[in-house]
Each structure stands twice: as structure tokens, then as C-alpha cells.
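Undergrad: Below are the C-alpha cells for one structure; questions will follow.
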Amino acid sequence: MGYIVRRSFRMGTIAAAVSSAASAGLATAIQSLVDELGNPTHASSPSEPGRLLDTENAVLLKKVMYRKFITLATWAVLVYEYVVTFKSEVGYVWRRPRLNVVLGVYLISKYVGILAQSVNVYLVFKPLAKLGVQEQTCQRWYLFQIVMTAILLAALDFILMLRIYALYRKDTKVGAFLAFLFFSMIPVHAYAGPKCAYDVPYDSICEAKDMHVGALYFGVAVWIIHVALAVLTAAKWNLAALGAPIARLVTRDGAWVISILCLFLAVSISHGFTVKSERPDLAFGWPITLLSIACCRIIMNMQKLDPTVDGASELSSGLQEEIELVHSTIRNVE
């Protein structure tokens, strides 16, 4: 008990520090935006002969300003999510006697997302807030965001697949098929990631002026995998109709996540190939935030069904068995 209290106290201290740092960072970023709005041509004012911004540079600077707004918004949403879910995180994660694989994925999803967006805020407001950024810097920034997105997508897919595996009562064939789907993304990421970062041209503000065909391969692979997950989930729809809580949870969360993810990829990739351009704040910023939140919310929803945590002793034996099935599967993955 003393260990749990000490760990909870440390987490409270960390939360306070994160909130304080977030407030300071938010104030600095907002002040920067206010200054920029008040003097949008600060980099080259009319009093500086020969350095007036031409129309093209003015458009680019406006894009940089919009990028700052969007990047700050994606970061602020994650920080807000951190604050509003911290109490549940302490109760369902940090007060557990020990962490398991699923809770480890929860922590990775949450803090990788916050880390990635914090780095993006710094880069967008500092080294990338000007014209004439070197192409190597752009390439490294894109690759960083691609890697962060891949990590969060893998975490989300792992949780979705684990829940489906439990729904099928740990069927060996289903487990092997899900493992194949999961690991099949590794060569796709290994090929498409570097190609999409290094084999495309960039303008002076680090916007890719074309999309590599590897992005299309990635989109098709994600579609195939998630359509397969949707089919496996739909095959158990009868359990949800009968009122089984885990089945309802899997079908509801899975349907929302798969639909939104596939729709976003279809729109984003088709738009990128159509206009021959890719905005990093839209292509990576919002996906990083939403993947992080989706994965954490799905895991937390699952933890809240654990009868050892919420004390739902009045559950019928059939529902109790189904809940225990999922959680025994989770523990066996460790």
C-alpha cells in the first residue's frame, strides 16, 4: 500500500509538472502567434530596402502561420486529453500491482504522442518558422513524423487485434492470421517510410511538393488490414446483439476507429496525389494526436470493464466469463 501511495504521489507531481510546462509552452506559443499576426511581415518590413516580401513569399509565410495554429492545436488537444484522463490513468494503470503488456502499450501510445507533438511544436515555432529551410532538415522532420505515426498505428492495431483474438476465444488460426497481418506492415513501413521522406522535393517551408508512390502502397496495405479486421469483427456481431459487453465494446470501438482511419487515408492520399503536395501538419499532426487518443481510450474502456477494478459483482455469470476471457488473454500475452 505504501508503494502504491508513493507511486501515486510521484504521478501527481509529474502531472503538476506537465501541466505547468504545458501552460508555459502554450503561453509562449500564443504570444508568438499574436506577434506574428500583429506584424506578419516582420522578416522583411517596408523600411528595409530591397527586402520586401514578394507575393510568393507572403503566401509561404501565411502557410507557416497556419501550420503553427494547427500544430499548436494538435498539441493542446493531447495535453487536454492528458489532464482529463489522468485520474482514470492513476486508478486503472498506476495503482495496478504490476503492469502488463496492454498497459505498457497504453503508456507508449500516450507519451509517444505527447513527445512527438511537443517536438513538433518546438520545431514549427523555432527552426521551421522561416523561409529557406534546408532540404535535409525537411527530410529528417518528415521521417521523424512517419516513425511516430508508425509506432502509434502499430500500438492501435495491436490492441484491436488482441481484442478480436479474445473475441474468438484465442482460436489458433485466427491468432496466426492476425499475427500475419500485424507483421506484414513491417516491410511496408521499411520501404514506404524512407521513400516518402527522402525521395520527394520540398519547398522553402518544408512542404513536400509531390507524393512518392510508397504512400499509396502504405494506404492500400492499411486498408487491406483494417477491412480484414472489420470482417472478423462483423462475424461476431451476433454477440453484440445479444448484449455481451465485450462484444459490444469491440464492435463499437473497432467500427469507429476503422471507419475514420480508412476514410482519412483515402482522402489524404488521393488529395496529395491530386494536388502534388503534402502538408505535414495535416498529414501527420492530426493522425498522431488521434491515434494516440484512440488507442488510449480503447484500452481504458477495456480496463473499466474489469470487475476487480469497478466492483461490478452483480454481473451475471455469462458476462463475468466473457470479461475474464478478455483479461486472461491480456495476461497471457505478457
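The values are calculated or read from the model by the stated rules, or taken from the named source; none is laboratory data. It should be emphasised that the depicted structure is a prediction, and the values quoted were computed from it without experimental measurement. Cβ placement follows ideal geometry from the backbone for every residue including glycine, while neighbour counts extend to all protein chains displayed.
Undergrad: Looking only at residues that are among the charged types (D, E, K, R) and part of a helix (DSSP H, G or I) in segment 127-142, which one is nearest to F183 (Cα to Cα)?
TA: The selected residue is R140.
Undergrad: Considering each residue of segment 251-266, count those that are at pLDDT 85 or above and more than 17 Å from the chain's Cα centre (by Cα), and give that number.
TA: 1
To keep it simple, each residue is scored yes or no on (1) surrounded by 15 or more Cβ atoms within 10 Å (Cβ to Cβ); (2) modelled with pLDDT of 95 or more; (3) within 25 Å of the chain's Cα centre (by Cα); (4) among the hydrophobic types (A, V, I, L, M, F, W, C).
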site: P49; (1), (2), (3), (4): no, no, no, no
site: L61; (1), (2), (3), (4): yes, no, no, yes
site: G113; (1), (2), (3), (4): yes, yes, yes, no
site: Q117; (1), (2), (3), (4): yes, yes, yes, no
site: T137; (1), (2), (3), (4): no, yes, yes, no
site: Q145; (1), (2), (3), (4): yes, yes, yes, no
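Undergrad: Also, quick follow-up: Can you name the condition, by its number, that S316 falls short on among (1) closer than 27 Å to E81 by Cβ; (2) hydroxyl-bearing (S, T, Y); (3) modelled with pLDDT under 55?
TA: (1)
Undergrad: Regarding segment 143-164, can at least one residue be identified that is small (G, A, S), more than 28 Å from A234 (Cβ to Cβ), free of Cβ contacts under 8 Å to residues at least 40 places away in the same chain and in a helix (DSSP H, G or I)?
TA: no
Undergrad: Output the residue which, of all residues in segment 277-296 that are surrounded by fewer than 18 Cβ atoms within 10 Å (Cβ to Cβ) and either at pLDDT 90 or above or assigned to a helix (DSSP H, G or I) (or both), is farthest from the chain's Cα centre (by Cα).
TA: Checking each candidate, the answer is L282.
Undergrad: Starting from segment 116-136, keep only residues that are closer than 20 Å to V147 by Cα, then list their pairs with residues that are of a type in the set (G, A, S) whose Cβ atoms are within a distance under 8 Å, requiring at least 6 positions of separation or different chains.
TA: Qualifying pairs under 8 Å: Q117/G285; S118/G25; N120/G285; V121/G25; V121/A29.
Undergrad: Would segment 119-126 turn up any residue that is surrounded by fewer than 15 Cβ atoms within 10 Å (Cβ to Cβ) and outside any helix (DSSP H, G or I)?
TA: yes
Undergrad: Between a first residue in segment 290-306 that is under 10 Å from I159 (Cα atoms) and a second residue that is among the charged types (D, E, K, R) and buried (at least 21 other Cβ atoms within 10 Å of the Cβ), which pairs have beta carbons less than 6 Å apart while being 6 or more apart in sequence or on different chains?
TA: C296/K110
Undergrad: Considering only segment 77-103, state which residues are charged (D, E, K, R) and touching a residue at least 60 places away in the same chain (Cβ under 8 Å).
TA: E81, E89, R95
Undergrad: Let me ask you something else. Quick one: how many residues across segment 193-219 are aliphatic (A, V, I, L, M) and either out of contact with any helix residue (DSSP H, G or I) (no Cβ under 9 Å at 6 or more places or on another chain) or under 29 Å from A58 (Cβ atoms) (or both)?
TA: 5
Undergrad: I've got another one for you. Could you pull out the residue among A215, A228 that is of a type outside the set (D, E) and either in a strand (DSSP E or B) or within 26 Å of Q117 (Cβ to Cβ) (or both)?
TA: Only one candidate qualifies: A215.
Undergrad: Would you check which residues across segment 210-250 are at pLDDT below 75 and β-branched (V, I, T) and list them?
TA: Scanning segment 210-250 gives I246, V250.
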